[in-house]
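The values are calculated or read from the model by the stated rules, or taken from the named source; none is laboratory data. Since we're looking at a predicted model, the values are computed, not measured. Please note: Cβ atoms are built from the backbone with ideal geometry, for glycine as well, and neighbour counts cover all protein chains shown. Heavy atoms of the whole protein, side chains included, go into the accessibility calculation; ligands, DNA and RNA do not. Shrake-Rupley method; radii C 1.70, N 1.55, O 1.52, S 1.80 Å.
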Amino acid sequence: MPRSTRRAVLLAALLLAGASAGARAETYPNAAVKLIVPVPAGGVTDTMARIVAQRLSETWGQPVVVDNRPGGNYAVGAQAVARSPADGLTLLVAPDSTVTANPHLFSKLPYDPVNDLTPIAVLCRITPVLVINPSLPVASVQELIALAKAKPGSLNYGSYGIGTYAHLSMEDFKQRTVSDIVHIPYRGAAPAVTALLAGDVAMLLLNLSSIEEHEKTGKARILAAASAKRATLRPDLPTVAEAGVPGFSTTAWFALFGPANMAPDLVAKINADVGKVLELPQTREFFRVNSFERVDLTPAQFTQLIQDDLAHWGALIKAVGAKLD
């Protein structure tokens, strides 16, 4: 075949492939969509997935079903999506650590967080705060640091398990303040909160909505916002960095992923449709009640966020020496 003919055939094939991808985006979804959630029913990740599933089902006119597949620190669900066809009919709703912390916590994963998944949309970000049991005789971050330094090893903090932001970021807090505070891991946020309220642990990093009601009854005391900026819902609350720990901040976000090699226009369509349902009044109210923050990023910006957080958590995990295998 002459070279010019080969070029013409290749060009025609590329154009046909582009047209086919466009058609997939225009007709998507033409069947039921499955949202795999790598945690048990209940909790932030599952609740967020069900809100999005309901709204997308109404928008698309196709069933959007939540499929809980817990296990392996999110690895079971992530692997299932990574092995699915790139047609957008099987997606993953998962916390950030699935792709940012897990690669550093495990020497081997059954999925490649960077190459096996397609970032589609960030769904929300929590509003983390530093909270203490009110029996602790402190009223500020500086007083907490002073007490920890005066009584090394006598204070403790709770977390939702090794490798969670509540663990790694408190270890970062300890390093920045040169303090000795004992880590007590729990299996999830609910038992950790129970332990805080009971006085079994002195402090905890937690989403604002999970502790605000207990603050009102005097069972907990919020010292500071733990994010990089002040919380929109509590602008009077200083950040931990402002309160005396420069450079400290933490957060956790939840997002939608697909398998690798999804067509860019299909990714763009899903991103746009998800953005629309997140702006609905009922979704915005759900965000307000749960103190979630809207994060409006393009797929390209989302990819950059992953790279930035991959580096952040990697450095912190290395400094802390945390490992799960």
**Request:** Those residues that are modelled with pLDDT under 95 and touching a strand residue (DSSP E or B) at 6+ places or on another chain (Cβ under 6 Å), I need them from region 187-205; list them, please.
**Result:** Ala192
**Message:** Quick check on Lys276: is it over 21 Å from Thr47 (Cβ atoms) and surrounded by fewer than 21 Cβ atoms within 10 Å (Cβ to Cβ)?
**Reply:** no
**Asked** Residue check, Pro40 against (1) at pLDDT below 95; (2) open to solvent by less than 40 Å² (accessible area, probe 1.4 Å); (3) assigned to a loop (DSSP other than H, G, I, E, B), all met but one. Which one?
**Response** (2)
**Of residues in region 171-186 being touching a strand residue (DSSP E or B) at 6+ places or on another chain (Cβ under 9 Å) and not β-branched (Val, Ile, Thr), the one surrounded by the fewest Cβ atoms within 10 Å (Cβ to Cβ)** = Asp180
**Asked** If we scan region 257-272, do we find a residue that is open to solvent by 30 Å² or more (accessible area, probe 1.4 Å), in contact with a helix residue (DSSP H, G or I) (Cβ under 8 Å, 6 or more places away or on another chain), part of a loop (DSSP other than H, G, I, E, B) and at pLDDT 95 or above?
**Response** no
**Fill in**
Considering residues that are exposed (fewer than 15 other Cβ atoms within 10 Å of the Cβ) and touching a helix residue (DSSP H, G or I) at 6+ places or on another chain (Cβ under 9 Å), the number found within region 189-218 is 1
**Message:** Given (1) modelled with pLDDT of 95 or more; (2) surrounded by fewer than 17 Cβ atoms within 10 Å (Cβ to Cβ), identify the lone condition not met by Ala82.
**Reply:** (2)
**Index of the failed condition, Leu233 passing every other in (1) of a type in the set (A, V, I, L, M); (2) outside any loop (DSSP other than H, G, I, E, B); (3) more than 16 Å from Tyr165 (Cβ to Cβ)** = (2)
